[in-house]
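Values quoted throughout were computed directly from the atomic coordinates according to the rules given, and no laboratory measurement underlies them. From a predicted model like this one, the values you see are computed outputs, not experimental measurements. So basically every Cβ, Gly included, is an ideal-geometry build from the backbone, and we count neighbours across all protein chains shown.
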Amino acid sequence: MKKTSFAAAGYLLCSATALAQTTVSIYGIVDAGLVHESGGPAGGVTSVSSGVASGSRIGFKGKDDLGGGWSAVFGIENGFNTDTGTAGQGGLLFGRQAYVGLTGRYGAFTLGRQYTPYYKTLRDTGDPFGAVSLAGRAGNLMVTNTRTDNLVEYVSPVVGGFRVDLGYGAGEAADDSSKNRTLSASLGYAQGPVAVQAAFHRIENPAGTDFVRNTLLAANYKFSMLTAFLSYAINKGPGLADSRDMLAGVSVPFGRNRLLLSHVRHDDRAAAHQDASQWGVGYLVGLSKRTDIYAAYAVIDNRNGAAFKVGNATEKGTGDRAVNLGIRHSF
């Protein structure tokens, strides 16, 4: 009996230790709001939309301690439409993210469908609407390069305030590895109130004969009463007019509440000069740590035939003016 008791106790102890070293968590966002759009070919459009401030999602992420300072990690994230219950991202099961990898003292190595270094630079450093993609978001005018399939990514540890993020998206063409290939990278510095980040993104065409290139410099500075944002992007490539994008904005906290303001300008360097500029304002009221309500308005001034539209976190929009009003809950 004693041997059996000791064996059972040892088994329970080992099981408890294993469980303590492995963690899996469930998280998500449920977001829905009223959107009124105007200035498009269809005239005024009012709808109940999903993911206005943040795309609605449910995700699973985990970490397994391998010893020696290394851990295995994974993340799978499904996007869905709150207004209809359907799947987002074109019906993909885990269209928002799906990756697995290793993390340790030398950084993180992950493989799968992931956010690009370029997108994370604009979202986290260069746009006051970055994590709250309401009507005034930079992505209405600026290229975002949000996600890439088949991405191998390395994120370095922070050293002296610096961090490197490198991504390689395999084109998976049998005859030429450059076809459909994606190269993305960023170098960032954050120390005290200042954050500066530079990013590069290049996408090869299906034939492997040409590419689109985006280069971005983003920065923000935290003053005592607000955070100021600046971004500047250079875009080149076939089917994409030689252009420059500029953003200036602020985020002003009021306790749990936040006021967001931004101005984005698209400078078209092609002969048509299809320039555009956007003004956006948003306000979020924090009802708790997990729930807020929001309102936003944005207007785009399109020139010489430009046709940019005011979108949000989930939809591209139908016109050059939009009002958002909604609620968002995180869990």
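Some points to look at:
- Positive-end residue of V152, W70, I203, charge dipole of the stretch 39-330 with Cβ unit charges: W70
- Largest first and in whole Å, the equivalent-ellipsoid semi-axes of the stretch 39-330 read 29, 25, 21, each the square root of five times a Cα gyration tensor eigenvalue.
- Cα centroid separation, the stretch 257-331 to the stretch 208-225 (Å): 18
- The ranking of H329, H201 by Cβ neighbour count inside 10 Å, starting from the fewest, reads H329, H201.
- From most to least packed by mean Cβ count within 10 Å, the peptides 128-136, 99-107 give 128-136, 99-107.
- Once the Cα gyration tensor of the stretch 109-202 is diagonalised, semi-axes √(5λ) in Å: 25, 18, 10
- Candidates L260, F223, A276 compared by Cα position along the dipole of the stretch 217-277: farthest toward the positive end lies F223, with charges placed on Cβ.
- The stretch 39-330 - charge dipole about Cα centre, Lys and Arg +1 at Cβ, Asp and Glu -1, debye rounded to 20: 720
- C-alpha long axis of helix 2-21 to longest principal axis of the chain, angle in °: 20
- This model, with +1 at the C-beta of Lys and Arg and -1 at the C-beta of Asp and Glu, gives the stretch 117-174 a dipole about its Cα centre of some 200 debye.
- Under 20 Å from K236, Cα to Cα: aspartates and glutamates that are on another chain or at least 8 residues apart: E204, D210, D245, D267, D268, D275
- Fewest-first sequence of M142, M246 by Cβ atoms within 10 Å of each Cβ: M246, M142
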